[in-house]
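Peer 1: Before anything else, here's the structure in question.
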């Protein structure tokens, strides 16, 4: 079985979206002193590899725990961008099915940890978001910090239709020309988003 880890490491050095709270990890138990190791973790729900639920951008929208588990596991579709440009016609020629998770490989993960990662990421256009909603996909993911910028209209199109958004993916190049299943299980939090360990299982 070939499993590809699509998640970034979560620690105090993990980049956060401008304005979001910093991650704090502090000892709550030290083996030499207490006989065990334990930690207190304070983390924003939109740091590192995570999944946005509708409540993030939709007033009264669903929280991440309100979705069934099969929402987070399904057939993956790999889409590689040319020149960091989203192309609707390219998507229309691809085999995208109801329940799929569509993963956009933009190349922005090459700039992870640099200012360019937040300042120069391309945006998923509203017509592409609407097309994927019409295809009834389950989730959309990308190797960048966000599918769009303020006022976050693309976010609202996806989340308004219960299409969940996976941000800050990595290693997507390993999925090119492969058939795979995405596993992206969040914590069972009754809030707007959750960190997730996202993996792809490649069919051999």
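Peer 1: Given the -39500 (n - 2.57) contribution per DSSP H run of 4+ residues, what per-residue ellipticity at 222 nm results for the chain, rounded to the nearest 500 deg cm²/dmol?
Peer 2: -3500 deg cm²/dmol
Peer 1: Which distance in Å, rounded to a whole number, links the C-alpha centroids of segment 142-193 and segment 1-57?
Peer 2: 17
Peer 1: Hey, another quick one. Could you put 78, 112, 36 in order, starting from the residue whose Cβ has the fewest other Cβ atoms within 10 Å?
Peer 2: 36, 112, 78
Peer 1: Can you compute the FRET efficiency between residue 82 and residue 41 using 1/(1 + (r/R0)^6), with r the Cβ-Cβ distance and R0 = 30 Å? Round to the nearest 0.05.
Peer 2: 0.15
Peer 1: Arrange 201, 137, 191 by Cβ neighbour counts within 10 Å, fewest through most, would you?
Peer 2: 191, 201, 137
Peer 1: List residues of segment 98-119, by number, whose backbone nitrogen lies under 14 Å from a label position 7 Å along Cα→C-beta of residue 149.
Peer 2: 116-119
None of the figures in this text is laboratory data; all of them are computed from the coordinates on show. Treat the numbers as computed from the prediction; the structure is a model and nothing was measured. Here the Cβ is made from the backbone with ideal geometry for all residues, glycine too, and neighbour counts use every protein chain on show.
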